[in-house]
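Coordinate-derived values only; no laboratory data. Keep in mind that this is a model prediction, so the values were computed, not measured. All Cβ positions, even for glycine, are placed from backbone atoms using ideal geometry, and neighbour counts span all protein chains on display.
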Amino acid sequence: MHLRRILGLLGEHKVLTTQQIAAAEFASVRRTQDRLAQLRRLGVLFSFRESYRDGGISQTRFALGYLGARAIAAQRAGKPPTRPAHQRMLERLAWWPKLDHHLGVNGFFCELAGYARRIRNDAREATGSDADACGLRQWWSEQRCTGFFWNSTVKLYPDGYGCWAENGQWVRFFLEYDTGTEALSKVTRKIADYSTFPTDSFGILLFSVHSAKRERALRQALRRTVGTARPPLVIATTPRDQAHPDGPAGPVWALWGPGSDDAVARRYRLAELPQRGPYIEPHAPWLGQPYSEAAFDPMDRELVGLAENRPPVTVSTHHPKPEARGGDNLDDEVMLYDDDLNDEYEQRIA
């Protein structure tokens with residue numbers, strides 16, 4: 001079971017560290033290391049590290065090895081990659097300019113998954129059941145988000161999209177993961193797209209920033225950008241340098257509005273934030289895709305209709321097709337395995 005879930009996670013999210021996989025899927029780091037080492041020796045996974053200028057090295061990062069990529073392609077009824085093409089993709093991944101940012105986004109969701117797993121285990125030990133425990137019900141990558149959240153006016157590019165369930169509350173959210181490398185004016189310009197899109201029909205907008213100082217500056221920039229008009233969506237912020245034992249599930253979120261003070265008076269748990277978006281009855285995850293119990297079906301006309309002015313979706317249920325966007329997106333750099341665009345897409349998401 002762990003093998004399918006690991007392959008599904010890496011097929012969707014490209015690269016994860018040992019610690020992230022351990023948090024999301026295993027009871028201990030040691031067990032994770034043993035399992036990942038075995039899969040790497042078999043060629044199912046590929047691992048690499050980064051050497052730092054100060055002499056240190058990064059955590060081990062894992063991606064699909066050639067056999068793992070073939071397994072995902074078979075599972076999705078796609079054409080498998082050639083070995084040289086997959087090797088080129090791995091080389092690009094290791095040197096991807098957005099790698100640290102991407103790992104940060106994945107770490108955010110893995111923290112949620114790890115917290116939920118711990119709470120479920122505690123509930124099982126205490127009551128014999130974890131039916132009412134919390135959980136990460138949906139986790140979509142940026143690529144999958146761009147394939148679904150668009151209409152004739154705008155396309156959203158969130159870093160991720162999730163659904164968090166706790167104490168009977170279901171909070172759907174778009175995530176913007178800020179590392180401080182972008183100018184705040186560029187960060188806040190994203191509000192225009194979220195305001196143009198019917199964001200409130202699908203969830204709230206979360207900004208995770210690297211420090212309390214950056215959070216204060218962001219909230220000031222939001223006020224300058226939005227002015228006195230209340231945006232048609234819920235916005236909440238959190239600084240990552242003021243961590244809580246419960247991670248992003250804990251009381252670390254501050255709601256923002258035009259009248260909000262820069263000094264945060266109260267912080268909320270993720271489950272205490274306003275609920276937006278449709279409730280979807282939990283179901284079995286898509287084949288090989290963990291954390292999709294509350295995922296949208298891209299063929300659902302009612303949900304597509306919420307996006308407004310959008311034609312019916314014709315792509316496969318499991319593969320909402322993204323559009324490329326330029327620059328530092330790894331998917332723009334993946335070389336085609338052949339001349340068929342459908343085959344190209346199948347390999348991009350694998």
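Return Thr225, Thr238, Thr153 ranked ascending by Cβ neighbour count within 10 Å, so the fewest neighbours appear first.
Values: Thr225 16, Thr238 24, Thr153 13.
Fewest-to-most Cβ neighbours within 10 Å comes out as Thr153, Thr225, Thr238.
Nearest 10 degrees, 0 to 90: what angle lies between the long axis of helix 2-13 and the longest principal axis of the chain (Cα atoms)?
Taking the Cα atoms of the chain, the angle to 2-13 is about 60 degrees.
Once all Cα-Cα distances of the chain are split into 20 Å bins that start at 0, what whole-number percent is in each one?
29, 61, 10
Taking Cα centroids, how far is the stretch 187-216 from the stretch 288-309 in Å?
Taking the Cα centre of the stretch 288-309 as reference, the centre of the stretch 187-216 is 21 Å away.
Taking the 0 to 90 degree range and rounding to the nearest ten, how far is the long axis of helix 83-94 tilted relative to the main principal axis of the chain, both from C-alpha atoms?
In the chain, helix 83-94 runs at an angle near 40 degrees to the longest axis.
Taking a ≥ b ≥ c as the square roots of the Cα gyration tensor eigenvalues, with a/c under 1.5 meaning rounded and otherwise prolate when a/b beats b/c, else oblate, which class fits the stretch 2-97?
Working: a/c = 2.08, a/b = 1.20, b/c = 1.74.
Oblate.
For the chain, what does the helix formula give at 222 nm: sum of -39500 (n - 2.57) over DSSP H segments with n ≥ 4, over the residue count, nearest 500 deg cm²/dmol? Working shown, then result.
Details: 12 runs with 138 residues, N = 350.
Helix contribution divided over all residues of the chain: -12000 deg cm²/dmol.
Relative to the longest principal axis of the C-alpha atoms of the chain, give the angle of the C-alpha long axis of helix 99-127, reported between 0 and 90° and rounded to the nearest 10°.
Compared with the principal axis, the helix lies near 80 degrees.
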